[in-house]
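I have placed the structure first, in the form of structure tokens, so that the comments after it can refer back to it.
Read the figures in this text as sums done on the coordinates, not as results from a lab. Keep in mind that this is a model prediction, so the values were computed, not measured. Quick reminder, even Gly has a Cβ in these numbers, built from the backbone with ideal geometry, and neighbours come from all protein chains shown.
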Amino acid sequence: MRTAEITAPGRVEILDGPLPQGPLGGSDLRVRMLAVGICGTDQRLATGLRTPPELPWRLGHEGIGEVAEVGSGTHGFAVGDRVALEPNITCGRCEYCRLGMTSACTSRLSAGVLTQPGFLAEVIDHPIDFCHRLPPEMALERAVCAEPLAVAASAIRRTGLDGTETVLVLGAGAQGLLSIFTLVAQGYRPWVSEPNDKRRALAVELGARVFTPGQCPAPDVVIDAAGVPEALGAVVDHLAPFAAITLVGEDHHHLGASSFNIAQKQLRIKGSFIYEHPRDMAEAVDLLVEMPTEKIMGPALALDDVPAVFAGKMPQEGENPQPGVTPRPEVKQWVDMRLRTDNAHAMH
Ligand SMILES: [Zn+2]
Ligand SMILES: [Zn+2]
């Protein structure tokens, strides 16, 4: 089967290898992959900004698929069911897992990022407890948002909102936009700060208002999904006293607030990392039923396009590859595993 693998720092290739071998594990599902999202974590691994655990390393941690075979000891799933895969496989036994804080699991496995081969493969085996049933009619480009939405929605859940706050979202990349979707679903009309015109326009289309420091109400809550210190630095003087700041995402940026800012404004800063198993992925799938996240998705790519995406040769975020088609301001790339390019036909 064909897979997308990092074969050297800065190089991604499509490899042809064996299908999952041997009998299916008793508590696993064998899943034919349907769609896989690509995010900044994949970019950092592929470009060498972050070191993969080994080479070659198979990418992909935002995946959905169709059940092809069920393990002998499994219940509740049938061949043909569509599932969203939770890539963070937590142990359920350590002190954090027992407290429901699985994001701090001391022996967490992580497909595509840390410990297990990723989802950019035609078929994978995955533990059934980390497979979440999708409504069969949900479009792939929406369903493939389940995992990144779980990250954004968990950040907002952990912020502990009461329904009345003035909320500012920093950054309108995928995490910022999914945060806006989540806030709007909760009845908020969040403010957004984003330098890119197209992304800012998309945030407004989704229900956000453009934040102008000093001319808008002072935010009580900041969801920082910008990934750059300048974003918080530009607004910190305009926050309300005691403002709560939640950092979402895995960028290694320094915080754009000085200890003076933090002390004088009495800011409360909280980090939010992935999500808790199983509630947050399950809730993300439920949210997607009413959440048109396809509005932020780029055109479907084929598996064969993946090397070019990471080599910077494919349309970048916000561009559209088909001539004559009006560009959409989409920000998230994804692979439709059912697509075959001419290139793929030529190789087989
Ligand atoms: Zn991701
Ligand atoms: Zn654990």
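Please quote Rg/Rh for the chain to two decimal places, taking the Kirkwood radius as Rh and restricting both calculations to Cα atoms. Could you put the intermediate results ahead of the total?
Numbers: Rg = 20.3 Å, Rh = 20.9 Å.
Rounded to two decimals, Rg over Rh is 0.97.
Which whole number of Å³ per residue matches the convex hull of the alpha-carbon atoms in the stretch 238-313? Please report the intermediate quantities before stating the final value.
Values: hull volume 15.5 nm³, N = 76.
In the stretch 238-313, the Cα hull volume divided by residue count equals 204 Å³.
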Inset, instruction - Check the chain and count each lysine pair with an alpha-carbon distance under 18 angstrom, considering only pairs eight or more places apart or from different chains. - result: 4
Inset, instruction - Once you have the Kirkwood Rh of the stretch 204-283 from its Cα pairs, apply Stokes-Einstein at 20 °C and 1.002 mPa s and quote D in µm²/s. - result: 154 µm²/s
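Gain in length, F77 to L15, computed as 0.36 nm per residue apart minus the alpha-carbon separation, to one decimal in nm?
On the way: separation 62, 0.36 × 62 = 22.32 nm, distance 3.02 nm.
Once the chain is fully extended between F77 and L15, it gains 19.3 nm.
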Legend entry - Crossing angle, helix 146-159 versus the chain [Cα axis fit, 0-90 degrees, rounded to tens]: 30 degrees
Legend entry - Cα convex hull of the stretch 148-272 - mean projected area over all directions, nm²: 6.6 nm²
Legend entry - Among A263, A240, A203, residue whose mean-square fluctuation peaks in a GNM of the chain (springs only between Cα atoms under 10 Å): A263
Legend entry - Simple label model, 7 Å out from Cα along Cβ direction - T47 to S259, nm: 3.2 nm
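When Lys and Arg each count +1 and Asp and Glu each count -1, what net charge do the other residues less than 10 Å away from F119, Cβ to Cβ, add up to? List each step's numbers first, then the result.
Details: positive: R58; negative: E62, E147.
Residues close to F119 contribute a combined charge of -1.
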Inset, instruction - Can you bin the stretch 18-136 into rounded, prolate or oblate? Criterion: square roots of the alpha carbon gyration tensor eigenvalues sorted a ≥ b ≥ c, rounded for a/c under 1.5, prolate for a/b above b/c, oblate for the rest. - result: oblate
Legend entry - Alpha-carbon centroid distance for the pair the stretch 129-153 / the stretch 43-119, whole angstrom: 14 Å
Legend entry - Max mean-square fluctuation residue, GNM over the chain, Cα-Cα springs under 10 Å, options T41, T164, T246: T164
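Tally Lys and Arg at +1 and Asp and Glu at -1 over the other residues with C-beta under 15 Å from the C-beta of P56: what net charge comes out? Display every interim value, and only then the final one.
Numbers: positive: R2, R11, R58; negative: E5, E13, D16, D42, E54.
With Lys, Arg at +1 and Asp, Glu at -1, the neighbours total -2.
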Inset, instruction - Give me the angle, in degrees from 0 to 90, between the Cα long axis of helix 174-185 and the longest principal axis of the Cα atoms of the chain, rounded to the nearest 10. - result: 70 degrees
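What net charge do the residues around V167 carry, taking every other residue with its C-beta under 9 Å from that of V167, with Lys and Arg at +1 and Asp and Glu at -1? All intermediate terms of the calculation are to be shown ahead of the outcome.
Working: positive: R189; negative: E165, D220.
Charge balance near V167 sits at -1.
Going by average Cβ density within 10 Å per residue, which order do the peptides 42-51, 9-18, 294-303 take, highest to lowest?
Values: 42-51: 17.5, 9-18: 14.0, 294-303: 20.7.
Ranked from most to least packed, the peptides come out as 294-303, 42-51, 9-18.
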